[in-house]
Amino acid sequence: MLPLIALLLSLATAPALADNVVQHENVRYEYARVLRVTPVYQTLTATGMETRCDDATRIGRVVGAMRSVLQRAGGQSSGCHAVPVERQFQRPVAFDVDYSLRGAKYRSRLSDDPGHLLRIRVSVMPDP
């Protein structure tokens, strides 16, 4: 009698269990051919101080430099003054990568340059 009750209970709960089935995704890895890599740059601005002198010619600059060395030793300053100078630097922060997989073209932004091949995670799962 007890096995019959267990069988009836299992048949009664079978449709409810079928609704709660968890679909597992099928994952595999492939390699895509990289078509183009374009760096994305960040522009940085740095301000520094440079000494500028009023002497215009090379000979005048050399003479002015010698004069300023001699005057610094004596405590006097020449016609030179500090001027703020801005410089801009660019550094790559990411890479826009165009690649091809099975005839379809894709674009992704990556932190590193992948080279000629890009490892791709392919996931297949049925639509519920």
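Report, by residue number, each residue of region 105-120 that is within 13 Å of the chain's Cα centre (by Cα), open to solvent by less than 100 Å² (accessible area, probe 1.4 Å) and not acidic (Asp, Glu).
Selection gives Ser108, Leu110, Ser111, Pro114.
Condition check ((1) closer than 30 Å to Val22 by Cβ; (2) modelled with pLDDT under 95; (3) open to solvent by 70 Å² or more (accessible area, probe 1.4 Å)) across all residues:
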site	(1), (2), (3)
Arg61	no, yes, yes
Val69	no, yes, yes
Gln76	no, yes, yes
Phe95	no, no, no
Tyr99	no, no, no
Gly103	no, yes, yes
Val122	yes, yes, no
Asp127	yes, yes, yes
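Need pairs with beta-carbon distance below 7 Å; first residue closer than 30 Å to Thr51 by Cβ and within region 80-99, second outside any strand (DSSP E or B) and not β-branched (Val, Ile, Thr); sequence gap 6+ or separate chains.
Final answer for the pair search is Cys80/Ser68.
The values are calculated or read from the model by the stated rules, or taken from the named source; none is laboratory data. A quick note: this is a predicted structure, and the numbers were derived from the prediction, not measured. Because the Cβ atoms are built from the backbone with ideal geometry, glycine has one as well, and the counts that use them run over all protein chains shown. Side chains included, ligands, DNA and RNA excluded: accessible areas come from the protein's heavy atoms. Shrake-Rupley method; radii C 1.70, N 1.55, O 1.52, S 1.80 Å.
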